[in-house]
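Trainee: Once you've had a glance at the structure underneath, I'll fire off some questions.
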Amino acid sequence: MYMYIPVQPKHLGCVGLSCFYLAVKATEEERNIPLATDLIRISQYRFTVSDMMRMEKIVLEKLYWRVKTTTAFQFLQLYHLLIHENLPCERRKHLNFERLEAQLKACHCRIMFSKAKPSVLALSILALEIEEKKLLELKEAIECLQIHSKTNSRDLTFWKELVLKCLAEYSSSKCSKPNVQKLKWIVSGRTARQLKHSYYRISHLPTIPETGS
């Protein structure tokens, strides 16, 4: 079940950055988590760390404090591992995980797939790939995964059709046409000055002493 909560436009930046920070803290190691002050500074928002912490609490309450959840990527990894075991060695190259991951990323570029259950989206991508590669010996394995994930046939068919449409559009000549313009990261003068000055506030790491082996 999905909740739709109205948010005033002036609060969207704080909501977005708070959700991003919660996701980072839930998935990254502690040493890789940036300071809230740095995130606010580089994003050029005007709210304070206290504002962001209050917004974090509001988001957490709306999520009933369930931050860590199994993603479609993790389901795809699990399903691929289980399916791979049912394939002969010479056929395993036909079910490439990197290709499946790329298809999932393409789907995540469309807002509609945020409404799909992660397990169903992963199963839809895998089932379509198996059908395309004509790996008929895996049909029964897909049916077993469908039963264990409690996915009904109607939902699976619905999302398979949307995934198929998305991937067809994604691989079309319109999407595949290379952009000849050189990508540039344009930073405002204020941000450039802040970034330059902030460098001198970073304490340098001490030299690691060498020890004899």
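Trainee: Quick one: in the range 85-100, which of the residues that are open to solvent by 50 Å² or more (accessible area, probe 1.4 Å) and assigned to a helix (DSSP H, G or I) is farthest from Lys25 (Cα to Cα)?
Mentor: The first filter runs over the range 85-100 and keeps only residues open to solvent by 50 Å² or more (accessible area, probe 1.4 Å), leaving 85-86, 88-94, 96, 98-99.
If we keep only those that are assigned to a helix (DSSP H, G or I) as well, we get 89-94, 98-99.
On the way: Cys89: 39, Glu90: 41, Arg91: 39, Arg92: 36, Lys93: 36, His94: 36, Glu98: 26, Arg99: 28 Å.
In this case the residue turns out to be Glu90.
Trainee: Let me ask you something else. Can you tell me which residue in the range 50-65 is least open to solvent (accessible area, probe 1.4 Å), limited to those that are hydrophobic (A, V, I, L, M, F, W, C) and not in a helix (DSSP H, G or I)? Don't jump to the end; show me each part of the working.
Mentor: Here is the first cut: in the range 50-65, the ones hydrophobic (A, V, I, L, M, F, W, C) are 52-53, 55, 58-60, 63, 65.
Still in the list and also not in a helix (DSSP H, G or I): 63, 65.
Numbers: Leu63: 78, Trp65: 156 Å².
Here the residue is Leu63.
Trainee: Just to be sure before I move on: is Phe47 free of Cβ contacts under 8 Å to residues at least 60 places away in the same chain and not in a loop (DSSP other than H, G, I, E, B) in the structure I sent? Don't jump to the end; show me each part of the working.
Mentor: Values: free of Cβ contacts under 8 Å to residues at least 60 places away in the same chain: yes; not in a loop (DSSP other than H, G, I, E, B): no.
Spelling it out, it is not the case that Phe47 is free of Cβ contacts under 8 Å to residues at least 60 places away in the same chain and not in a loop (DSSP other than H, G, I, E, B).
Trainee: May I pose another question? Among the candidates Val7, Val59, which residue alone is at pLDDT below 80, in contact with a helix residue (DSSP H, G or I) (Cβ under 6 Å, 6 or more places away or on another chain), of a type in the set (A, V, I, L, M) and within 20 Å of Ser114 (Cβ to Cβ)?
Mentor: Details: Val59 fails: at pLDDT below 80.
The unique qualifying residue is Val7.
Trainee: Give the number of residues within the range 147-161 that are hydrophobic (A, V, I, L, M, F, W, C) and in contact (Cβ under 8 Å) with a residue 24 or more places away in the chain.
Mentor: Residues meeting the conditions: 2.
Trainee: Which condition does Ile42 not pass, out of (1) loosely packed, with under 14 Cβ neighbours inside 10 Å; (2) at pLDDT below 85; (3) assigned to a helix (DSSP H, G or I); (4) β-branched (Val, Ile, Thr), if it passes all the others?
Mentor: The single condition Ile42 does not satisfy is (1).
Trainee: Right, next: For the range 7-23, what are the residues that are exposed (fewer than 13 other Cβ atoms within 10 Å of the Cβ) and under 15 Å from the mean Cα position of the chain (by Cα)?
Mentor: Phe20, Ala23
Trainee: Quick one: what pairs do we get from the range 131-146, first residue hydrophobic (A, V, I, L, M, F, W, C), second open to solvent by 100 Å² or more (accessible area, probe 1.4 Å), C-beta under 8 Å, 6+ apart or different chains?
Mentor: none
The values are calculated or read from the model by the stated rules, or taken from the named source; none is laboratory data. Quick caveat, the model's predicted, so the values are computed rather than measured. Here the Cβ is made from the backbone with ideal geometry for all residues, glycine too, and neighbour counts use every protein chain on show. Note: areas computed on protein heavy atoms with side chains; ligands, DNA, RNA excluded. Shrake-Rupley method; radii C 1.70, N 1.55, O 1.52, S 1.80 Å.
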